[in-house]
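Some notes on the structure that comes next.
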């Protein structure tokens, strides 16, 4: 722990914070720029010295091995993969699962205000990206309501699937709402006003984007935040007012043409035309792939999922085969690749920290994990680098914040115990 105690946020600490902001800001924008920013973090880790001490710190950290085990099983999966090239590609995309815990868990935790800067940079980035796409469409079409496939058009402009942009926006909104509620005194007037405006802007972008799952998650998590905040502060009149406001907003969202069209698809479409039907076929194929290959325990390998899944789609005459659809469920994806062992490691890496976050009342980390876990139900989030880097980066940062808070309370309990002994 001496490394943490000796580290102060002087000039060196500001460089670390700047690098983290750069990584955060570039996650939605560009894989190349983000890789450069991550490279700077690696250089910083080495240049600040104490490499041996940092290595010992990481090796002794049981939580590092919890996160590392989920990456290491991807490595093991190569040994029984037929398509080694695809397996190596997956290993490269998921390298952040090992890299970020390794680097960040051996560096000092950020203070609440510094963590706010990192999240704010991420929120500004995804807002700017989606706002640019909306402005461009408005400029070309003269209106957003005349675009038949608005969600997909935005995807094409920003080169980011709405499953990821929606996830980014929801995390940004929920994180900023939580920070504003609990760290109001840490923010000056400018940051308070800017953050509130940014939250509203992000929600407008989320509604325009029309990502069904993301909008659903936002209502669930924000509702949970309001409920917890009300119980803690006992402001039941505030709960009633906010609930009424949310209801009006929800009705307004349902009356937007794009949202109403998606809702009509869910309520009135039947059979092959229902939006959930493709998902059911994909999930059925996932189970069949594991069963037919007798791979319940170990899976079919890191690189062999795609051809087996496409073969099942073809057998069922499912049009998803033409678009090379994946499982659209991270849990089933991992079950196919590495069987029940891989699924267990994934769930352990998510659920165990979730319980710790609840126990330590680190609700910001809880919301992050909760949002991610729900998003994994309808999308194979860790199948793309955009999802891997997002999860690995913020998971390591927020877990480090939780660990620092836990140590702080433990030290406080020790001091209180010593004082009680002295008093006796």
Tell me the helices (runs of 4 or more DSSP H) entirely within segment 273-378 that contain at least 2 residues that are over 27 Å from residue 68 (Cβ atoms). 277-292, 305-315
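Go over the candidates 119, 169, 173, 157 one by one and state the one that is surrounded by fewer than 21 Cβ atoms within 10 Å (Cβ to Cβ) and either outside the structural domain of residue 230 (by TED's automatic domain parsing) or in contact (Cβ under 8 Å) with a residue 24 or more places away in the chain (or both).
Numbers: 119 fails: surrounded by fewer than 21 Cβ atoms within 10 Å (Cβ to Cβ); 169 fails: surrounded by fewer than 21 Cβ atoms within 10 Å (Cβ to Cβ); 173 fails: surrounded by fewer than 21 Cβ atoms within 10 Å (Cβ to Cβ).
Answer to the check: 157.
Looking for whichever is closer than 30 Å to residue 53 by Cα and in contact (Cβ under 8 Å) with a residue 40 or more places away in the chain here; the options are 103, 186. Which one fits? So that I can check it myself, show each step before the final result.
On the way: 186 fails: closer than 30 Å to residue 53 by Cα.
When all the criteria are applied, what remains is 103.
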In this structure, does residue 302 turn out to be under 25 Å from the mean Cα position of the chain (by Cα), more than 28 Å from residue 219 (Cβ to Cβ) and modelled with pLDDT under 95? yes
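Quick check: anything in segment 347-360 within 23 Å of the chain's Cα centre (by Cα), within 28 Å of residue 85 (Cα to Cα) and surrounded by 20 or more Cβ atoms within 10 Å (Cβ to Cβ)?
Filtering segment 347-360 for residues within 23 Å of the chain's Cα centre (by Cα) gives 347-360.
Narrowing the set further to residues that are within 28 Å of residue 85 (Cα to Cα) leaves 347, 349.
Filter once more, keeping what is surrounded by 20 or more Cβ atoms within 10 Å (Cβ to Cβ): 349.
Yes, there is a match, as at least one residue in segment 347-360 is within 23 Å of the chain's Cα centre (by Cα), within 28 Å of residue 85 (Cα to Cα) and surrounded by 20 or more Cβ atoms within 10 Å (Cβ to Cβ).
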Cβ-Cβ under 6 Å, sequence separation 6+ or interchain: first residue in segment 82-98 and closer than 16 Å to residue 333 by Cα, partner assigned to a loop (DSSP other than H, G, I, E, B). Which pairs? 86/303; 87/81; 87/302; 87/303; 90/302
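The values are calculated or read from the model by the stated rules, or taken from the named source; none is laboratory data. Here the structure is a predicted model, which means the values were calculated and not measured. Heads up, the Cβs are rebuilt from the backbone with ideal geometry, glycines too, and the neighbour counts pull from every protein chain shown.
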